[in-house]
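Trainee: Mind having a look at this structure? Questions to follow.
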Amino acid sequence: MLTRRQALAVCACAAAAPAIQRSAWAQAYPTRPIRLVVPFPPGGPTDITGRLVAQWLSEKLGTVVVENKGGAGGTVGTRAAAAADPDGYTLLLGGTSTLAINPVVFKDLNYDPVTSFTPVAMVSTSPFVLVVNPALPVHSVGDFIAYATANPGKVNFGSAGVGTTPHLTGELFKALAKVDIVHVPYKGGGPVIADLLGGQIQLTFELMTVLMPLIEAGELRPLAIATETRSADLPDVPTMAEAGVPGCLSSSWFGIVGPTGTPAVIVDKLNAEINNGLRSSDMIASFAKLGSQPKIGTPHEFAVLIASELERWGSLTRKIGIAID
């Protein structure tokens, strides 16, 4: 018969066994290639960001294969990742559009950014910049507000389509600045820039990555950056708050998530390794070329970001009545 001390030791070992097994499992992971779903076509900023993360993880953990699964504004790939087995071998590069805006714009999305996914790690953020055609007689946000106020309904801002981040950023600016400007939707960002350069529209909100060459060439005039602090790439361009429109904050952010139920030990291992990569000089330089900044954080901090962005953009879309079937 076991003594009381021996019985307690057996119980302690039994209780510790699952933790030991989980630890061993995490140390062994991965034992086969990991699939990273990028819900947009190859070549764009989302794809490049995903490949930077995949390359780093491949060097540190083993093969990570990028699977581009575009369609319907990123919803096709996102939906497929949500339905995958939560075993750590399917990950998704989510972002502002797929995890914060699409869920409050599309009526029948078939995934929920909070309940369908387990946040793993934040990756990067890139700010939106308000730019105008230089022919417009304004050199500051104050000038623009005065001009738009004097010409209600005659100033047009373009975006890559209804419900896109540039569209909602423009609507946010419109509401906060109390100006009557007209949204003109396009089928992509390229035509927006072309018409802005041609003078068919007067302004847009776009990522710094896209705008920097045109700003440097003097073809577009930046008025403000939609972040809390100025950018080192545009040190003379004020923030929206400095320009008199506090609260007009907008950026394109990316992060890694897994299907809900992805084991915590695997999430923690991936989070630590991704954060190590984001601290590396090579990754910092690579993101700088994209006009992005690495964003280091915990899974919990990423979950908080997703929830806050859902609330912020959801409030705006409900106010202006945007919904897509």
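Trainee: By count of other Cβ within 10 Å, fewest leading, how are THR229, THR75, THR96 ordered? Each step should come with its number before you reach the end.
Mentor: Values: THR229 10, THR75 20, THR96 25.
Arranged by neighbour count, lowest to highest, THR229, THR75, THR96 become THR229, THR75, THR96.
Trainee: What is the set of long-range amide H partners of ALA121 at a cut-off below 5 Å, with H atoms built 1.01 Å from backbone N?
Mentor: Answer set, sorted by chain and number: ILE256.
Trainee: Just want to confirm a number: the relative contact order over region 177-323, from Cα pairs under 8 angstrom separated by 6+ residues, in percent.
Mentor: So the answer I get is 14 percent.
Trainee: In debye, nearest 20, what is the charge dipole magnitude of the chain about its Cα centre with +1 on Lys and Arg Cβ and -1 on Asp and Glu Cβ, if you could check?
Mentor: Magnitude of the dipole: close to 840 debye.
Trainee: Moving on. Relative contact order of region 58-187: what whole-number percent is it, with Cα pairs under 8 angstrom and at least 6 residues apart?
Mentor: So the answer I get is 18 percent.
Trainee: A further question follows. Using modelled amide H (1.01 Å from N, peptide plane; none on Pro or chain starts), what sits under 5 Å from the amide H of GLU206, excluding residues fewer than 5 places away?
Mentor: Close amide H contacts, sequence-distant or interchain: VAL129, VAL131.
Trainee: Have a look at the DSSP beta bridges in region 127-225 and tell me what percent are antiparallel, nearest 5.
Mentor: On the way: 9 of 16 bridges.
Among the beta bridges of region 127-225, antiparallel pairing accounts for roughly 55 percent.
Trainee: Relative to the present Cα-Cα distance, how much length would full extension add between SER281 and SER308 at 0.36 nm per residue of separation? Could the numbers behind the result be given before it?
Mentor: Details: separation 27, 0.36 × 27 = 9.72 nm, distance 3.00 nm.
So the extension gain works out to 6.7 nm.
Trainee: On to the next question. Hey, fewest Cβ within 10 Å first, where do SER250, SER286 land in order?
Mentor: SER286, SER250
Trainee: Residue farthest toward the positive end of the dipole of region 205-325, with Cβ of Lys/Arg at +1 and Asp/Glu at -1: which of MET240, VAL265, GLY218?
Mentor: Farthest towards the positive pole: VAL265.
Trainee: As I understand it, the dipole of region 127-225 uses +1 on the Cβ of Lys and Arg and -1 on the Cβ of Asp and Glu, about the Cα centre. Which of VAL129, HIS139, ASN151 lies farthest toward its positive end?
Mentor: ASN151
Trainee: Separate question: Among all lysine pairs in the chain that are eight or more places apart or on different chains, how many have alpha carbons less than 16 angstrom apart?
Mentor: So the count of such lysine pairs works out to 6.
Trainee: Can you sort LYS289, LYS69, LYS154 from fewest to most other Cβ atoms within 10 Å of each residue's own Cβ?
Mentor: On the way: LYS289 9, LYS69 19, LYS154 12.
Fewest-to-most ranking of LYS289, LYS69, LYS154: LYS289, LYS154, LYS69.
Trainee: Something else now. Once you treat every alpha carbon in the chain as an equal point and sum by Debye, what is log10 I(q)/I(0) at q = 0.06, 0.09 Å⁻¹?
Mentor: -0.25, -0.51
Trainee: What's the FRET efficiency of VAL114 with LYS289 using the Cβ-Cβ distance as r and R₀ = 41 Å, to the nearest 0.05?
Mentor: 0.80
Trainee: Two decimals, Cα atoms only, Kirkwood Rh: what is Rg/Rh over region 217-259? Display every interim value, and only then the final one.
Mentor: Values: Rg = 13.5 Å, Rh = 12.0 Å.
Result: Rg/Rh = 1.13.
Trainee: Continuing with the same structure: Taking H as built 1.01 Å from N, whose amide H comes closer than 5 Å to the amide H of VAL37, not counting residues under 5 places away?
Mentor: Result for VAL37 returns GLU67, LEU91, LEU92, LEU93.
Trainee: Tell me, what is the FRET efficiency for GLU301 and LYS154 to the nearest 0.05, using R0 = 51 angstrom and their Cβ-Cβ distance as r?
Mentor: Efficiency for this residue pair is about 0.75.
Readers should treat all values here as calculations from the given coordinates under stated rules, not as data from a laboratory. Please read these numbers as outputs of a predicted model, since none were measured by experiment. Positions of Cβ are backbone-derived with ideal geometry, glycine not excepted, and every protein chain shown enters the neighbour counts.
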